[in-house]
Amino acid sequence: MGRVGDELARPIMRALQDASPNLKALADIPRKLRTKARGNQGSVRSIDRYDADARHIDVTTRRFTQNPEHRPEQFNDQLNEQIDTLENTSMADWVLNRVDYLRNGRPHDSVVEQELVRDAAHNDALREIMRENPGLDLATANRFVDQWMETQAALHRLDGIAGGNPTDVPRVGDGNVNSSLGRQWQERVADLDAAVIDFMQQNPGVDLNTVFMNIHFR
């Protein structure tokens, strides 16, 4: 993402200087090795947001708006999944994901994962349509599935711009809703940045693996 990404990432990187040595070390580890590396560091532990010793910070941002032309169940489903994922992501992981995105944009691994998910969704849909319509020829079935796939996008559980894991792509969903949420995150993620940076500056040395966000809409 070039200089623009570096400029956007710099405030968070400055705040990282007050974080734990483990977190700073992880920032230098390639993404593919990060999970293994964290597992090998005894002082970096896995914690659930509902554990008694977890800490939470309240983050307020603008409410997301639904395009009236989009299906409300698809909008609610995708938005709820993103917010749930955000609230269950430790601040340590969120900061690393966010800085990676600002510096490098979407990585190739993310593109590969999305292609795999789309291929799997296509194959599942094809099997389903052939099972429900035994007399349908394969070419026609493929055409129907291709038309449906044009409306679908491989969904990140949480968008990369919002601090999500770029390789966490569980399924496909309505592409128009997905694009709308991605655009709206661009206007809201600064609220997350500000809250995280403020917390890190006010709590130097805190174990960010034990800190989670509570998202509120204004």
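Projected label points at D53 and N88, each 7 Å from Cα along the beta carbon direction, are separated by 2.2 nanometres. Binning the alpha carbon pair distances of the range 44-137 at 10 angstrom intervals from zero yields the distribution 11, 24, 34, 21, 8, 2, expressed in whole percent. Taking the alpha-carbon centroid of each part, what is the distance from the range 156-181 to the range 186-213 in angstrom? Between the Cα centre of the range 156-181 and that of the range 186-213, the gap is 21 Å. Extension gain, N214 to Q147, is 20.2 nm, computed as 0.36 nm per intervening residue step minus the present C-alpha separation. Between Q201 and V111, the modelled label-to-label distance comes to 3.7 nm, taking each label 7 Å out from Cα in the direction of the beta carbon. Taking packing as the residue-averaged number of other Cβ atoms within 10 angstrom, the listed peptides 87-97, 169-179 run from highest to lowest as 87-97, 169-179.
Ranked by how many other Cβ atoms sit within 10 Å of their own Cβ, fewest first, the residues F199, F217, F212 fall in the order F217, F199, F212. What residues of the range 147-166 lie in the reach of a label at M130, counting those whose backbone N is under 19 Å from a point 7 Å from the Cα along Cα→Cβ? In the range 147-166, the label zone of M130 (backbone N under 19 Å from the point 7 Å along Cα→Cβ) covers 147-149. Dipole magnitude for the range 77-218: computed about the Cα centre from +1 point charges on Lys and Arg Cβ and -1 point charges on Asp and Glu Cβ, it is near 200 debye. Around the amide H of V211, modelled in the peptide plane, lie the amide H atoms of R55, M91, A92, all under 5 Å away and 5 or more residues distant in sequence or on another chain.
Values quoted throughout were computed directly from the atomic coordinates according to the rules given, and no laboratory measurement underlies them. Nothing here was measured: the structure is a model prediction, and the numbers come from that model. Note that each Cβ is placed from the backbone with ideal geometry, even for glycine, and that neighbours are counted across all protein chains shown.
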